[in-house]
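The values are calculated or read from the model by the stated rules, or taken from the named source; none is laboratory data. As the structure is a computational prediction, the values presented were derived from the model and not from experiment. Neighbour counts are summed over all protein chains in view; Cβ atoms, including those assigned to glycine, are modelled from backbone coordinates with ideal geometry. Surface accessibility is based on the protein's heavy atoms, side chains included, excluding ligands, DNA and RNA. Shrake-Rupley method; radii C 1.70, N 1.55, O 1.52, S 1.80 Å.
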Amino acid sequence: MPINYYIFLSLTLFTIGIVGILIRRNAIIVFMCIEIMLNAVNLLLVAFSKMHHLQGAAAMPTAGTDGQIFVFFIMVVAAAEVTVGLAIIVMMFRNIHSIDINFLNRLKH
Amino acid sequence: MIPVLFIVIPLVSGLALFFFKNEKPARSFALFSSLISLVISILGLTAFSSGQHLQFAVTWLGFLGSSFSVKVDGMGQVLCLLTAVSYPLIFIATWKNQYRKANNYFALMLLTQAGLMGVFVAMDALLFYFFWELAVIPMYFLCSQWGGEKRIQATIKFFIYTFLGSVLMLVGIIYLYSKTPEHSFSIEAFYKLGKTLSYETQEWVFWLFFFAFAVKMPIFPFHTWQPDLYEQSGSSITMVLSGVMVKMGVFACLRWLLPVVSIASYRWGDVVTSMAVIGILYASLIALKQDDLKRMVAYSSIAHIGLMGATIFSETYVGFQGVMIQMFNHCINIIGMWIVVDMIEKKCGTRKISELGGLAQRAPSLAIFAMVIGLANVALPLTNAFIGEFMMFNGIFSSSVTQYNIVFTVLAGIGIILAAIYILNMIRKVFFGDLKNSTARATDTGWSENFVLSVIVILILWMGVYPDSLLQLTKEISETILSNSDITSLLTKH
Amino acid sequence: MQNALQLAWLVPFFPLLGFLITGLFRRQLSKTMIAIVGNAVVFASLLVSVWIFVQVKDGNSYVAEYFNFISAGSLKIPFALQIDALSSLFLLIVTGVSFIIHFYSVFYMKEESREHYGRFFSYMNLFVFSMLLLVMGANFVIMFIGWEGVGLCSYLLIGYWFKNKEYNKAADKAFIMNRIGDLGFLIAMFWILSKTGSFDFAVVFSKASALSTTDVTIITLLLFIGATGKSAQIPLYTWLPDAMAGPTPVSALIHAATMVTAGVYMIARSNVLYSLAPLSQYIIAIVGLATAILAATVALKQNDIKKVLAYSTVSQLGYMFLGLGVGAYSAGVFHVMTHAFFKALLFLAAGSVIHAMSGEQDIRKMGGLRGKLKTTYFTFLVGCIAISGIPPFSGFFSKDAILLSTYEHNKILYVIAIFGTLLTAFYMFRLLFLTFNGNFRGTDEQHHHLHESKAGITLPLIVLAILSFVGGFADIPEIFGKGGNRLTEFLAPVIPLSHGASVSHSTEMMLMFIPAVLVLLVIVYAWYRFKNYRPSEEKGLGKILENKWYVDEFYDKIFVKPLYQLGSFLNKTFERSVVDGLVNGVGKLVNYGSRQIRLLQSGQIGSYILLMVLSMLFVFIIQFFLRK
């Protein structure tokens, strides 16, 4: 399968994520959009990793594997982030009884 | 070693003063330190005649091609002398003034003195820049901490003006430095370089330097920081500013501008002289209408400095001599003027000319002092300013670098008529006529004031009758500057 | 006896000493002491001056350099004094008249408190010092020091009663008008220096013939501008009448006898230059004559006794300049001398009248003083006769010398000048008749108070009256017998004798006596006119003359007001909005810009992200297009 398909899919996912962040106000959905963006990147990393491996395995057996290692890192970090993020959302809901991010413009003040 | 002492004594005592607790010892210590500087500078005068101990150089930032090289030449001697003379006068004249955090105040004053001395003796461009800033930065704090209500605003104006000027000057210095073949900041290297630079390059450097100096002098139209700042800052600070600090600009033109970029100075001479002459008339006319004594003196100072600016760019030997002697005289006169203004304000509680009157009846001694100082300001013969202005007018008139010398002389001459008008107006309205509410209870001068004013009057008369004592000092350096900025030989080359 | 003249420095030194003593110790010394010191120093100067005069008469002259005043490269200005015929004559006039006036002041000013008494004498001594410096200076700079010095003293003395605002304004006016003239002098000096390389009289005059006519004309005209300021000529004369605000002895000393003649002295001193510039001479003659006539017409209608005398001074100075302008330098100097005598006399006598009238100066309120003030009246009469030019009083000879030269030079100027002398006679005798004849028009209290002044005041009057009578014989014309024109011959070393086309003796006689007869007729007419004087409102031309042709108002409108308006405009409008506005404008722009940009920082995370995304897109697009 040509690499282009993966790229387009990843791009679509990423765009969905960005648009979601920009237009949705529900913090949980924004959160999910961030996850989608991360996974779009993951997908791309894995795809390129496979591609590089196929091209360079003859010269070097481990060619392209670092991309997959990155993916694991990202998944771990994303999992950590989700726990922290969800905790924040829960705290936010407890404090202001809303998870609308437009209430979170306190940075300005 | 003398130039080093000039810098080190105020620097060390200034730093030490930060650790003082009480006002009285701080005050006495500051006076003591300034007196030591004065004694050294007077001794230096005698050493000058024998020519010893006036030079000092050690490597400093050697990797940059800069060295701690200081030297007192004739012009430096005059300016160091005036710095050294003015500080004790200022301290004694304002002896009874109260200051918040007096130790800091005196410390900053002395740091400024160190910077001023450094500027006058520095023979290395980087060192010069360093002292230039050292003189100005404590000044910012002085102006912003001690003064009138709107002092912050005035100080910011001052800060932005001078800082912009300094930065541009730094660019100019670094540019010249990069052009020197041996990568050196020393003044000789700059002088040598100046002779080889093309006109276009000189032009850029000229304006980079000149802006900094013009702001400091100040020359019209870069002057607007001055009246505001003089009005707002405390009298002793104003005395330092107008008595000594504005001379930095005049001095720097003579040392770092004319000899270095002489062709550009020659080509732009007419423009700069016109600015200066316009400034003389402009400031004098404005001084006519000032009601605040401080603002009036400030504008009169702009007019006087304008004359110096015009003379510098007319590039004559007599003119240079006149500028150098006038730097000293102007310092004495304007400090005297500020002391009088300060005393009027203290005695009557106001500086508004319209609210004053008949003060001569209550304070005859002050009236006499004010009269003598005022007449010195209008350059009456046998007062010091006459000598300076006479020579400067002579310089402008006999200038060979401009075709408009007669026009400049006449216009600048109208300035001295206007000076007579506003000074006499002021004296008439403040000292003569009937008493008013503000002056009804005024008292005459006290001992410290009498002492300082007498010293000033004696200096005024001495320099007015026998100016040769100072003129001898500056003979050589005037010739050096003139020969270094001699354009006739350069023009043939380019 | 060359060495005898080494005492020359004593002449200005004594008054300087007097100035220092009376000035610094005015609170310690008693009034008697102050008077003694103040007079003694001037008297000492007078004695030395006489001694010097005798030496110079024997043909000595002397230049002494004391120290380097200014030296810078080729510019060397020594502090040098010079004694020659001209300066020794002026020394005599200055110290002589000054001494008489100092003596008079002792009594005239006796009401003043000790401190102010001391102040008065210190100023007077300083004035004498400056005047002597002016006269003795051996170069233009030293002369200029004295030149400005007398201006300063005039300022100080006019404003002597410093509580009075009007007086102070008059003082300011005097100083500033003088300053305007001084600028001309100053520039003339620079011009001289640049052309001859020296300020020294000897050097400058010896090189004068090598100068181009343009240079000489410009130099002489600039010097003349200086002279118009100091000697109150058109257009700078208006300060002198106002200067009458000072005490009367001051008016006599400064504004009549000595200081105002400085311009004449200076031109006579530089006669070498002026002789080379016919155009300048012509202008001087015209200006002098115009001033003489203008001031005389104004004097016709003035009612303040001192104002009349002031305008007559301006008018007489005009005659001196006329003399200088037609090349009769020695006649001009001669008139300076006689004028010093009779004008000092007139002023001092006026002072005596004012004293008697308890400070009243308005002649409309006087009249009939002849009976009570006999000495004053007779001396005043002598003064009037002298100034009107009736033989054999001094004014006749000096004025005749000027008129004769004018006749030789230009007949039209001569006729106008004769007209001026008639005016002079008319206003002087109007003054005399209104003051001393007719009935007393003041209040009863003043009438009761009327008295002749004490001997201390009348004695100087008598001395001056004698001098006014005999002064003219110093330069009696040759046609009255051998041994005439002695003053002219005395001055010959400085002012070369002119060998112009001389008129025949019969013409000269006629030219002398026709004006004298006319003057007598005018006096008779004046007597007829003012014998029964009633004060009345002036109309038409009279009103214009009473208001001095409105020149002061004109100057005020044309120069003073616009100057202040310009200052006000620059201060309020230009400085605030243009110069400062430019600076503050830059500051405001930065401020405004940052305020606008600040709006982007809304605190909404969404907008930040949007901005981020848009910027990224922007970068990509740029990248994309740059690739292509």
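Starting from residues that are surrounded by fewer than 22 Cβ atoms within 10 Å (Cβ to Cβ) and of a type in the set (D, E, K, R), keep the ones in the range B:92-141 and report whichever is modelled with the highest pLDDT.
That would be B:GLU133.
Tell me which of these B:PHE163 doesn't satisfy, since it passes every other one: (1) within 20 Å of B:PHE120 (Cα to Cα); (2) buried (at least 20 other Cβ atoms within 10 Å of the Cβ); (3) within 14 Å of chain C (Cβ to nearest Cβ).
It is condition (2) that B:PHE163 fails.
Here is a list: C:LEU221, C:LEU253. Which entry is at pLDDT 90 or above, in contact with a helix residue (DSSP H, G or I) (Cβ under 7 Å, 6 or more places away or on another chain) and either outside any helix (DSSP H, G or I) or within 25 Å of C:MET136 (Cα to Cα) (or both)?
Exactly one residue qualifies, and that residue is C:LEU221.
Might you check whether a residue that is surrounded by 23 or more Cβ atoms within 10 Å (Cβ to Cβ) and either touching a Phe, Trp or Tyr at 6+ places or on another chain (Cβ under 7 Å) or assigned by TED's automatic domain parsing to the domain that holds B:GLY74 (or both) occurs anywhere in the range B:303-314?
Scanning the range B:303-314, I find at least one residue that is surrounded by 23 or more Cβ atoms within 10 Å (Cβ to Cβ) and either touching a Phe, Trp or Tyr at 6+ places or on another chain (Cβ under 7 Å) or assigned by TED's automatic domain parsing to the domain that holds B:GLY74 (or both), so the answer is yes.
Looking only at residues in the range C:162-209 that are among the β-branched types (Val, Ile, Thr) and at the interface with chain B (Cβ under 10 Å from one of its Cβ atoms), which one is least open to solvent (accessible area, probe 1.4 Å)?
Within the range C:162-209, the match that is least open to solvent (accessible area, probe 1.4 Å) is C:ILE187.
Given the structure, is B:ILE396 at pLDDT 90 or above and under 16 Å from B:PHE328 (Cα atoms)?
In short, no.
Take the conditions closer than 17 Å to C:LEU223 by Cβ and of a type outside the set (A, V, I, L, M) and apply them to C:GLY325. Does it pass?
yes
Find the residue count for the range B:430-478, including only residues that are among the basic types (Lys, Arg) and either modelled with pLDDT of 90 or more or loosely packed, with under 15 Cβ neighbours inside 10 Å (or both).
Count: 1.
Looking at (1) surrounded by fewer than 24 Cβ atoms within 10 Å (Cβ to Cβ); (2) closer than 22 Å to C:ALA245 by Cα, can you tell me which one C:ARG370 breaks?
It is condition (2) that C:ARG370 fails.
Going through the range B:397-418 one residue at a time, which ones are open to solvent by 10 Å² or more (accessible area, probe 1.4 Å), more than 7 Å from chain C (Cβ to nearest Cβ) and small (Gly, Ala, Ser)?
Scanning the range B:397-418 gives a single hit, B:SER400.
Based on what the data block shows, is C:GLU408 acidic (Asp, Glu) and within 28 Å of C:THR458 (Cβ to Cβ)?
no
If B:MET391 passes every condition in (1) in contact with a strand residue (DSSP E or B) (Cβ under 9 Å, 6 or more places away or on another chain); (2) surrounded by fewer than 22 Cβ atoms within 10 Å (Cβ to Cβ) but one, which one does it miss?
(2)
Inspect all residues belonging to the range B:171-192 and state whether any of them is part of a helix (DSSP H, G or I), outside the structural domain of B:ILE481 (by TED's automatic domain parsing), open to solvent by 10 Å² or more (accessible area, probe 1.4 Å) and within 28 Å of B:ALA303 (Cβ to Cβ).
no
Checking C:VAL150 against (1) within 17 Å of the chain's Cα centre (by Cα); (2) open to solvent by less than 10 Å² (accessible area, probe 1.4 Å); (3) at the interface with another protein chain (Cβ under 10 Å from one of its Cβ atoms): exactly one of these is not met. Which one?
It is condition (3) that C:VAL150 fails.
Suppose the filter is in contact with a Ser or Thr (Cβ under 6 Å, 6 or more places away or on another chain) and more than 11 Å from every other protein chain (Cβ to nearest Cβ); does B:PHE313 pass it?
It is true that B:PHE313 is in contact with a Ser or Thr (Cβ under 6 Å, 6 or more places away or on another chain) and more than 11 Å from every other protein chain (Cβ to nearest Cβ).
What is the residue count in the range C:248-288 for residues that are over 30 Å from C:GLU112 (Cβ atoms), among the β-branched types (Val, Ile, Thr) and in contact with a Phe, Trp or Tyr (Cβ under 9 Å, 6 or more places away or on another chain)?
Matching residues across the range C:248-288 total 6.
Within the range C:72-81, is even one residue within 13 Å of another protein chain (Cβ to nearest Cβ), open to solvent by 10 Å² or more (accessible area, probe 1.4 Å), touching a Lys or Arg at 6+ places or on another chain (Cβ under 9 Å) and not in a helix (DSSP H, G or I)?
Yes, because at least one residue in the range C:72-81 is within 13 Å of another protein chain (Cβ to nearest Cβ), open to solvent by 10 Å² or more (accessible area, probe 1.4 Å), touching a Lys or Arg at 6+ places or on another chain (Cβ under 9 Å) and not in a helix (DSSP H, G or I).
Do we find a residue being free of Cβ contacts under 8 Å to residues at least 60 places away in the same chain, crowded, with 24+ Cβ neighbours inside 10 Å and farther than 20 Å from C:LYS365 by Cα anywhere in the range C:292-302?
Yes, because at least one residue in the range C:292-302 is free of Cβ contacts under 8 Å to residues at least 60 places away in the same chain, crowded, with 24+ Cβ neighbours inside 10 Å and farther than 20 Å from C:LYS365 by Cα.
Return the total of residues in the range C:433-483 being in contact with a helix residue (DSSP H, G or I) (Cβ under 8 Å, 6 or more places away or on another chain) and among the basic types (Lys, Arg).
Result for the range C:433-483: 2.
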